[in-house]
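The values are calculated or read from the model by the stated rules, or taken from the named source; none is laboratory data. Since the model is a prediction, treat every value here as computed from it, not as a measurement. Glycine also receives a Cβ, built like all others from the backbone with ideal geometry; neighbour counts cover every protein chain displayed. Quick note on the areas: whole protein, heavy atoms, side chains included, nothing else; ligands and nucleic acids left out. Shrake-Rupley method; radii C 1.70, N 1.55, O 1.52, S 1.80 Å.
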Amino acid sequence: MTPAALSRLRLTDFRNFDTLDLDVDARPVCLAGPNGSGKTNILEAISLLAPGRGLRGAESDEPLRRAGDEIAPAWAVYAEVPDETEDVSSLASGLLEGDRRQTRMNGKPASRAELAALLPMIVLLPEHDRLFAGPRADRLKFFDRLVAAAEPSHGDALNAYEKLRSRRQRLLDKGRADPAWLDALETDLAGHGVALAAGRLTALSRLQAAIDAADDGIFPKADLALNGTIEAALAGGAELRAAEDQLALAFASGRDHDAAAGRTLTAGPHRSDLTARHREKDQDAGRCSTGEQKALIIRLVLAQARSLADRGQRMPLLLLDEACAHLDERRREGLAEAILALGAQAWLTGVEAGLFTAFGDRAQQFAVDQGRVSD
Ligand SMILES: Nc1ncnc2c1ncn2[C@@H]1O[C@H](COP(=O)(O)OP(=O)(O)OP(=O)(O)O)[C@@H](O)[C@H]1O
Ligand SMILES: [Mg+2]
C-alpha cells in the first residue's frame, strides 16, 4: 500500500496565509524559515484534515484568521491525496459562514474511519520534548492520539467516555441526580472505559514490539508500561465483562467523593498513565536529558508508524514540528534515514535549512517567510 501523502495543499485565509498553493510529490517535505513565518501553521492546517481539533486544539467554530480587528469570514484548507490505487481524493476543511468546521472528502462529509484510512497521521510537537517529565494527562492524550491514528474506533470510545464522564460529573455537581439514572449512565461509561483500556493495552504491546524490533542503533529504546486500575485488571486476565462490572461499581461507590471534589477522582481510564524507562540507561524517561527524551519519543513515533504499515494499514503522514531541535548531527542524519526507510511523507519544520541537509534531494526543501512559501 502506498504511504499516505498529499500531492497538493491549498490554504485560503488561514492564520498568517492569505493563500498558499503547494504542489508536492511523495517525498518528505522540509519547511525552513524564521520564527513566526508560518511553519507550524502549515502543519496545523494539514492536521485539521484529520478528525479532532488539529494540533493547536482549535475550537470547532473558531475563526482562524485575524488581521488587526478584521476577522476573515471563512478559511479553508484543501488537499489532494492519492489513495492506494493512485486515484486522487480531495479533502477540504473549513469554517462555513456562521457554521461549524467541517471536513469533507470528495465533497461529502467523511467519517473518522474514512479519514483515517485515506490520510492517517501522527503528530510530534515541540511540547512533546518534555512529555515524560510533564503532566500525566498530556502523556495520556498523546498516547491516545497515537492509538487512534491506528484504530479510529479508539477515538470514538475516547469521545464517548469523556462525554459521559462530564455528564455524570455535572449531575453530581448539581447534587440531586436520580440514582437509577446514574446507574444506567455509569454502566455505559464503564463499557466505553473498558474498551478504551483494552484498546490501549493492545496498542501498547504492538508499539513495544515495534520498538524492540527497531535496529538503527540511533534512537534509544524505551520500555513502556500503562499504569491504570482497569488496564491492570485486563492485563491480569480479567474478562471484559468483569472489568466493566468492576468499573461501574467503582463509579457507583465514588459518587459522594466525586461530587465533593467537583471532579472524577474515581480511578477510571482517564486517570491512567503511560510510563517509560530508557532501556539502555535503565532510567526513568522523565529523568533523561532533553535530547535523550526527544530521541526516545522519536523512536516511539517511528515505531508506531512502522507497526501500522506492517499490519497492512497505510504508512501515516508524519507531522514533525521542530523534530530536529535538540538533536545532534548524528541523530539528525539518523532521523532522515529512518524517515526515508519508512517511505513516509514527513512534513518537517526547522528554523534553518541546514537542519535538513542529510535529506539532500531525497526530500523537497521549501523556504517559509511571512506567510509565503518558495522553493
Ligand atoms: N488566527 C491567526 N490569524 C493570523 N495570524 C495568526 C493567527 N494565529 C497565529 N498567527 C500568526 O502566524 C504567524 C506564524 O505562526 P507559526 O506558529 O506558524 O510560526 P512558525 O514559523 O512555526 O514559528 P516558530 O519558528 O517560532 O515556531 C505568527 O506571527 C502568529 O502570530
Ligand atoms: Mg513553529
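Any idea how far apart Ala261 and Gln246 come out in nm if each label point goes 7 Å out from Cα toward Cβ?
1.9
In the structure displayed, which of Lys163/Lys294; Lys163/Lys221; Lys141/Lys221; Lys39/Lys163; Lys141/Lys281; Lys163/Lys281 lie more than 29 Å apart, Cα to Cα? List each step's numbers first, then the result.
Working: Lys163/Lys294 33 Å; Lys163/Lys221 35 Å; Lys141/Lys221 21 Å; Lys39/Lys163 33 Å; Lys141/Lys281 26 Å; Lys163/Lys281 40 Å.
Violating the 29 Å Cα-Cα cut-off are Lys163/Lys294; Lys163/Lys221; Lys39/Lys163; Lys163/Lys281.
Residue-wise, which Karplus ³J(HN,Hα) couplings in Hz belong to region 229-239, taking 6.51 cos²θ - 1.76 cosθ + 1.60, θ = phi - 60°, and x for glycine or proline?
Running phi through 6.51 cos²θ - 1.76 cosθ + 1.60 with θ = phi - 60° gives 4, 6, 4, 5, 4, 5, 5, x, x, 5, 5 Hz.
What is the Cα convex hull volume of the chain when expressed per residue in Å³? Write down the numbers at each step before the final one.
On the way: hull volume 58.4 nm³, N = 375.
Value for the chain: 156 Å³ per residue.
On a 0 to 90° scale, report how tilted helix 329-342 is relative to the longest principal axis of the chain, with both axes built from alpha carbons and the result rounded to the nearest 10.
So the inclination is approximately 80 degrees.
Which percent of Cα-Cα pairs in region 135-312 sits in each 10 Å bin, short to long?
Answer for region 135-312: a P(r) of 9, 35, 31, 18, 7, 1 percent.
If R₀ is 30 angstrom, what is the calculated FRET efficiency for the pair Glu59 and Ala177, using the beta carbon separation as r and rounding to 0.05?
Values: r = 29 Å, r/R0 = 0.95.
For Glu59 and Ala177, the calculated efficiency is 0.55.
How far is it, in nm, from the label point at Ala137 to the one at Asp18 when both lie 7 Å from their Cα along the line to the Cβ?
4.1
Write out the trypsin sites (Lys or Arg not before Pro) in region 125-223 meeting two conditions: DSSP loop, and at most 12 other Cβ atoms within 10 Å of their Cβ. Provide the component values of the computation, followed by the final result.
Values: sites: Arg130, Arg136, Arg139, Lys141, Arg145, Lys163, Arg165, Arg167, Arg168, Arg170, Lys174, Arg176, Arg200, Arg206, Lys221; in loops: Arg176, Lys221.
The qualifying sites are Arg176.
Between Arg167 and Ala235, what FRET efficiency follows from the Cβ-Cβ distance if R0 is 30 Å, with the result rounded to 0.05? Before the final figure, lay out the partial values.
Values: r = 29 Å, r/R0 = 0.96.
With a Förster radius of 30 Å, E is 0.55.
Compute the angle between helix 136-150 and the longest alpha-carbon principal axis of the chain, please, reported from 0 to 90 degrees and rounded to the nearest 10.
The angle comes out near 70 degrees.
I'd like the accessible area for Met315, computed on protein heavy atoms only with a 1.4 Å probe and all protein chains in place. Round to 10 Å², please.
10
Over the chain, with every protein chain in place, what whole percent of the accessible area is carbon and sulfur at 1.4 Å, could you tell me?
Details: 8220 of 17050 Å².
Carbon plus sulfur share of accessible area: 48 percent.
For region 217-298, which GluC sites (Glu not before Pro) pass both filters: DSSP loop (anything but H, G, I, E, B) and at most 12 other C-beta atoms within 10 Å?
In loop regions of region 217-298 (DSSP not H, G, I, E or B), the sparsely surrounded GluC sites (Glu not before Pro) are Glu239, Glu280.
Run lengths n ≥ 4 of DSSP H only: what is the helix-derived mean residue ellipticity at 222 nm for the chain, with -39500 (n - 2.57) per run over all residues, to the nearest 500?
-13500 deg cm²/dmol
How big is the Cα convex hull of region 127-184 in projection, averaged over all directions, in nm²?
On the way: hull surface 21.8 nm².
Mean shadow area of the hull around the Cα atoms is 5.4 nm².
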